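Participant: My questions will all concern the structure given below.
Just so you know, all these numbers are worked out from the coordinates, no wet-lab data involved. If you're wondering where the values come from, they're calculated on a predicted model, not measured in any experiment. So basically every Cβ, Gly included, is an ideal-geometry build from the backbone, and we count neighbours across all protein chains shown.
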Amino acid sequence: MPVLVHPPIRSSPHWQIALSASGIAAAQFARCGLDVTVLSGPERPRHDLVVTRSGNLFKVCVLASDDGIWDLTQAYQKRAAGLAGNMAECHRAIDMWLDKHDARMVCCLVQFLGVTIDQLPRIYLATPYEIAQKLRQAVNRAGEAILWEERKWVSDGDDSRIVEKLPAEWLFSSERVRQLLTGRPLEAAAAPRSPFARPSATILGGSVLPAPVDQVA
């Protein structure tokens, strides 16, 4: 009788990573005692989840990665000649990306790099405005609009090595969820809209996953 030998776990195709991230994010929000609507199907809007609690609501865009970065603006960029032109194009792409997210949107960044099958991925929560600020810093420093979980770089001034990470306050926690649900910053709502804006899509139906464990007050 032949013996089945399972191959080692390798990097999954993007759609499998995205599906895993969406399910894990929904479960974590449900553990915080929130009602979670999971959106699916070809006609779903730009977000993946709707999270509600006591009349408060935000929409969640789940952004999955297994290589340590989130290249969020690539689809909006064009080739530009020279560093100055490239930086201007990057900032334009950031504006277009930001304009696709309304004031009730929260981005859930899920990172699988270095995560084994028996571990949860690292999860961060941030508003689109907060992410846009980090992207602009990356453009001004390195000339590319890429969001890194952790990056090491050398200062031009004194050649010192600097390790830059995503803000610790972005890490998924009941407190972070509470902040975003009931008293999150309003910068996103005040951000200027680009001429490429489109109306928000209508929320389609989904399934509700209540599971009160570590509840948000």
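Participant: Measuring from the lowest to the highest alpha carbon on each principal axis, how far does the range 14-192 reach, largest first, in angstroms?
Facilitator: Ordered largest first, the range 14-192 gives principal extents of 49, 37, 32 Å.
Participant: Hey, another quick one. Would you count, across the range 32-162, every pair of lysines whose alpha carbons are under 25 angstrom apart, provided the pair is eight or more residues apart or spans two chains?
Facilitator: 6
Participant: Using a Förster distance of 22 angstrom, determine the FRET efficiency expected from the C-beta separation of ALA168 and VAL115, and round it to 0.05.
Facilitator: 0.75
Participant: Would you mind calculating the gained length between GLU175 and ARG136 on full extension (0.36 nm times residue separation, minus the Cα-Cα distance), in nm to one decimal?
Facilitator: 11.4 nm
Participant: Moving on to the next point. Taking 7 Å along the Cα-to-C-beta vector as the label spot, tell me the SER160-LEU57 distance in nanometres, rounded to one decimal.
Facilitator: My value for the distance between the label points is 4.8 nm.
Participant: Using a Förster distance of 22 Å, how high is the FRET efficiency between ALA88 and GLU43, based on the Cβ-Cβ distance and rounded to 0.05? List each step's numbers first, then the result.
Facilitator: Values: r = 35 Å, r/R0 = 1.60.
After rounding to 0.05, the efficiency reads 0.05.
Participant: Skipping prolines and chain starts, which residues have an amide H placed within reach, meaning under 5 Å, of the one on GLY68, given they are 5 or more residues away or on another chain?
Facilitator: PHE112, LEU113
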